[in-house]
Amino acid sequence: MLTLTDIAEEPLVLTSRLRLRDGAKAVLRPLVHADAEGLAKFLEGLSPESRRLSTFDGYDLAAARELCDAIARYDKLRLVLEDEPSARLVGLFELSLALTAGDIARYRAAGIHLSEQTDCRFGPTLADAYQGSGVGSLVLPLVMEAVRRLDRTRVILWGGVLADNPRALRFYEKNGFQLVGPFTGPDGTPSLDMILSLAGACRHSPPDLRRH
């Protein structure tokens, strides 16, 4: 079992190289302190629609530094997808090992009992140019392997998924997430809870995912 401290001290334990469907080389790895400026460029480049779908406390260097400063200090693991030739960050995949009271209550009402011993939250964000390109389906098995190594067996969506985001709904359903039910977000936005059990899910990388 890995801990967040283990990963911060040796990021290579969760580093994978892969070739995307267009042939481009990329690296999925833990966020490190030196990523602040690159992460800021990634956040600044997100379109208004991407920011609506993936909300952060900010989209500038200060926000990026805050995320980097949080490495191994709290309950979060953040993985970044890096375009290998340019070293440009093109994706951010967040895991939280803590659950909110709202999450626990909503899932309990649906007959699902969440536990921080077994469950975690997941939220992905891709640069606009990479959305809808199949990158998410290539990366997801690697993220779920990280979840397993953190000794978690189920994954819920961080803040759910917006009900008016059909592309995301199709992505999650295709990759084994099950619909739990609707809820209204803090800002009044209709959203959906979804959960993935890692027993038999995402165990095998897609055929075109090559690690080297």
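Worth pointing out:
- All of Arg65, Arg51, Arg73 fail the test of being in a loop (DSSP other than H, G, I, E, B), over 21 Å from Leu20 (Cα atoms), open to solvent by 20 Å² or more (accessible area, probe 1.4 Å) and of a type outside the set (Val, Ile, Thr), apart from Arg73.
- Members of region 1-48 that are touching a Cys at 6+ places or on another chain (Cβ under 8 Å), open to solvent by 20 Å² or more (accessible area, probe 1.4 Å) and of a type outside the set (A, V, I, L, M): His33
- Filtering region 1-48 to residues that are part of a loop (DSSP other than H, G, I, E, B), modelled with pLDDT of 95 or more and out of contact with any Lys or Arg (no Cβ under 7 Å at 6 or more places or on another chain) leaves Thr3, Glu10, Val32, Gly45, Leu46, Ser47.
- Condition met for Arg106 (within 25 Å of Met1 (Cβ to Cβ) and of a type in the set (Lys, Arg)): no
- Of the residues in region 96-107, at least one is in a strand (DSSP E or B) and modelled with pLDDT of 95 or more.
- Qualifying residue in region 98-111 (condition: surrounded by 13 or more Cβ atoms within 10 Å (Cβ to Cβ) and charged (D, E, K, R)): yes
Conditions tested, residue by residue: (1) part of a helix (DSSP H, G or I); (2) open to solvent by 40 Å² or more (accessible area, probe 1.4 Å); (3) not acidic (Asp, Glu).
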| site | (1), (2), (3) |
| --- | --- |
| Pro85 | no, yes, yes |
| Cys120 | no, no, yes |
| Gly123 | no, no, yes |
| Val139 | yes, no, yes |
| Ala146 | yes, no, yes |
| Gly159 | no, yes, yes |
| Glu173 | yes, yes, no |
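- Of Leu192, Leu196, all but one fail to be open to solvent by less than 40 Å² (accessible area, probe 1.4 Å), assigned to a strand (DSSP E or B) and under 21 Å from Arg52 (Cα atoms); the exception is Leu192.
The values are calculated or read from the model by the stated rules, or taken from the named source; none is laboratory data. On a predicted model such as this, the values are computed, not experimentally measured, just so you know. A quick note on method: Cβ atoms are made from the backbone with ideal geometry, for glycine too, and the neighbour counts reach across all protein chains shown. To get the accessible areas, we keep the full protein, side chains included, count just its heavy atoms, and leave off ligands, DNA and RNA. Shrake-Rupley method; radii C 1.70, N 1.55, O 1.52, S 1.80 Å.
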